[in-house]
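The values are calculated or read from the model by the stated rules, or taken from the named source; none is laboratory data. Just so we're clear, the structure is a prediction, and the values are computed from it rather than from any experiment. All Cβ positions, glycine included, derive from the backbone under ideal geometry; neighbour counts span all protein chains shown. Ligands, DNA and RNA are excluded from the accessible area calculation, which covers all protein heavy atoms including side chains. Shrake-Rupley method; radii C 1.70, N 1.55, O 1.52, S 1.80 Å.
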Amino acid sequence: MRIAIASGKGGTGKTTLAVNLAAVLAEQGLAPVLADCDVEEPNSHVFLAPDWTSEKRVTQPVPAIDVTTCLGADCRRCVDLCRFKALILMAGEVMTFPELCHGCGLCAEACPAGAVGWTERDLGVVRSGQAHGLRVVGGLMRVGEPMAVPLIREVKHEADTGALQIWDCPPGTACPAVASLQGADYALLVTEPTAFGLHDLTLAVALVRELGLPFGVALNRAGMGDDRVERYLDKEGIPLLASLPYSLEAAQAGADGRLLVEALPGMREAYTELWLALRQSLDQEVTS
Amino acid sequence: MKQIVVLSGKGGTGKTSIVAGLASIMPSLVLADCDVDAADLHLVTQPKIITRHAFISGELARIDEDKCSGCLLCEQKCRFGAISPEPRVLPEHCEGCGLCAYVCPNEAIVMEPRHCGWWYESHTRFGILVHASLTPGAENSGRLVTTVRRMAVDLAEEQGCEYVLVDGSPGIGCPVIASLTGADLALLVAEPTVSALHDLKRVHELARHFHVPCLVLVNKADLSQERTREILDFCARSGVPVAGEIPHDPIFTQAQLAGKSVVEYAHDTEGPRFGRIWESMRAALGRSLVRL
């Protein structure tokens, strides 16, 4: 079972829910794997403090032009075909912009002279380790790298060793969120009871519907705003799996990088109930 | 004309609320909401849309079933898993590279322009707002950010506005890079949490990579004195000036629920506070000018 935890709005509590849920499930002996797909700004390691036992460099192939065989201005097929402007003709030579390259391979396919070879662009690292009885897999994107998606895919591939996986997704509804959500059995959307929280939730709902994923919502920091989110969920018939109340103690424990299920009374039970509600929601989806 | 981008690294530190607060104080500005896939600035600025533009960017492959022979060469060659064995194009995976169309022996694949969302030029009580909505799941968010920024800059120049204030998105990937390059100042909004400091360091490194001077603002500062101290220590060690600290206050949420900036909602306290933050920003912009 693969549960993706996403949101739309940043800062609603995706990582908080992911790490605390994973910790509770590990305590129950379910051996979850936590995949931190927010490769731009990962935070799950702050709360779980895994011992990183493996780290793997991840690269993307980018073209390397062999100037001895390249036909240059007499051909320029790669330059004209590239949709991403990653190849240009300058002073008769084909030059590459590696950071614009999507690694599609069209240039190599089209080159009549076999002049397109491959080199690598560093995307970042994928690392894995153990903590709190669970396996943690995460990615750390190179600062300056524009594309998160290839690294996210590697993280998920590396994390695909367990039957139960929790995917901590990045915020937003663009390609990093899409790449993180793809293939999930269920999406848990985390929101807060505010105007921004509701608005971005509606975008996340549109996304998971587009992707055809069963989903439910967890309302984090309940009580800090108003009831607009609950009214929306009611109107749309979207299951509210949990309402986790705002508290200064929870905010401060989170600020210090502590697991709420260890730091505060009642949290372990709240997350266990969330899990039961999620299972029930997923079972209902499967049977309907 | 100066461009200021508000970033954070971590989501939820208060960028949009702070942009709205600054917009209530700053003279002569154009606002740009570059958080294109989760745009919220319109919720507190109540824009009146003047012009609306379809954002057409990149391409999507389409297979013409009549010409398709089912050879599946496209599916074999595609590096993004965007073609299923029927064959059918999976739009959420397709990056619009055109390799499938190029290799198809029957010319059965067409690359079609992709409508990825909308961008708008609007009037608000603070000035012009350029904003956008990326269709959920669509590609090319970075290009939409670039479009929004370029329009905001053009409008500012046309109208003789002194500032473009950009509400950025979380992260450090291509939409953030598109918001950052060529900016005159990056205001980095942090909160006193271990996560936010970790993320702040990365977005700061990104800004340095693009030679954009930074200023840090600590929001919700009294949530943890110790963590605020850590952020200030980081700033001191890294030579990043601090624009100020904002206390953790329910009026931020209340203002948002009321559709107002926090300065409008609680002018007596927040007016002077944001005025001081703005003065720090002006000083930072002045310093950059001197450095050049």
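P(r) for chain A, from all Cα pairs and a bin width of 5 Å, is 1, 6, 12, 15, 15, 13, 10, 8, 6, 5, 4, 3, 2, 0, 0 %, short bins first.
Sorted largest first, the principal axis extents computed over the alpha-carbon atoms of chain B equal 71, 41, 41 Å.
Specify whether the C-alpha gyration tensor of the stretch A:150-282 places it in the rounded, prolate or oblate class, a ≥ b ≥ c being the square roots of the eigenvalues: rounded for a/c under 1.5, otherwise prolate if a/b is larger than b/c and oblate if not. Verdict is oblate for the stretch A:150-282. Under the criterion of Cα pairs below 8 Å and six or more residues apart, the relative contact order for the stretch A:59-102 equals 39 percent.
Using just its DSSP H runs of length 4 or more, each adding -39500 (n - 2.57), chain B gives a mean residue ellipticity at 222 nm of -11500 deg cm²/dmol after division by all residues.
Go through A:Thr161, A:Thr191 and list them by solvent-accessible area, largest first, probe radius 1.4 Å.
Sorted descending by solvent-accessible area, the residues read A:Thr161, A:Thr191.
Per-residue SASA remark: B:Arg282, around 120 Å² accessible (1.4 Å probe; ligands, DNA and RNA not included). Annotation: B:Ser17 carries an accessible surface of approximately 20 Å², with a 1.4 Å probe and no ligand, DNA or RNA atoms counted. Between A:Ala263, A:Ala255, A:Ala35, the Gaussian network model of chain A with springs among Cα atoms under 10 angstrom shows the greatest mean-square fluctuation at A:Ala255.
Per residue, chain A exposes 39 Å² of solvent-accessible protein surface, assessed with a 1.4 angstrom probe and all protein chains in place. State, as an integer percentage, the relative contact order of chain A based on alpha-carbon contacts under 8 Å between residues 6 or more apart. RCO, chain A: 26 percent. Residues whose amide H comes within less than 5 Å of that of B:Gly117, counting only those at least five positions distant or on another chain, are B:Phe55, B:Thr135 (H built at 1.01 Å from N in the peptide plane). Per-residue ellipticity at 222 nm for chain A, helices alone: DSSP H runs ≥ 4 residues times -39500 (n - 2.57), over residue total, nearest 500 deg cm²/dmol? Value at 222 nm, helices only: -10500 deg cm²/dmol.
For the stretch A:183-228, the equivalent ellipsoid derived from the Cα gyration tensor has semi-axes of 22, 11, 6 Å, listed largest first. Normalised by 2.2 N^0.38 Å, where N is the number of residues, the C-alpha radius of gyration of the stretch B:172-251 stands at 1.08. Spatially close Lys pairs in chain B, defined by Cα atoms under 28 Å apart and a spacing of eight or more places or different chains, total 17.
The Cα atoms of the protein assembly as shown give a gyration tensor whose axes a ≥ b ≥ c have a/c of 1.5 or more with a/b no greater than b/c, which makes the shape oblate.
Top to bottom by accessible area (1.4 Å), largest first, where do B:Cys71, B:Cys34 land? Present the calculation step by step, with values, prior to reporting the outcome.
Numbers: B:Cys71 75, B:Cys34 0 Å².
If we order B:Cys71, B:Cys34 from most to least accessible, we get B:Cys71, B:Cys34.
Spatially, the stretch B:220-236 and the stretch A:1-60 are offset by 25 Å when compared through their Cα centroids. Along chain B, the longest continuous region that contains none of the GluC sites (Glu not before Pro) in a DSSP loop with at most 14 other C-beta atoms within 10 Å is B:163-292. Based on C-alpha pairs under 8 angstrom that are at least 6 apart in sequence, the stretch A:9-116 has a relative contact order of 22 percent.
Counting only lysines at least 8 places from A:Lys156 when in the same chain, those with an alpha carbon closer than 18 Å to its own are A:Lys14, A:Lys56. The amide H of B:Leu185, built 1.01 Å from its N in the peptide plane, has B:Gln3, B:Val5 as neighbours under 5 Å, considering only residues 5 or more places off or on other chains. Anisotropy class assigned to the stretch A:23-129 is prolate, per the alpha carbon gyration tensor with a/c at or over the 1.5 cut-off and a/b larger than b/c.
Ranked by solvent-accessible area (1.4 Å probe, protein heavy atoms only, all chains present), the residues B:Arg208, A:Arg135, B:Arg125 order from largest to smallest as B:Arg208, B:Arg125, A:Arg135. Residues whose amide H falls under 5 Å from that of A:Gly124, counting only those 5 or more places apart or on a different chain, are A:Val58, A:Arg142, with hydrogens built in the peptide plane. So for the stretch B:243-289, Kirkwood radius off the Cα pairs, Stokes-Einstein at 37 °C and 0.692 mPa s: how many µm² s⁻¹? Calculated translational D: 283 µm²/s.
Nearest 5 percent is fine: what portion of the DSSP beta bridges confined to the protein assembly as shown is antiparallel? Around 50 percent antiparallel, to the nearest 5.
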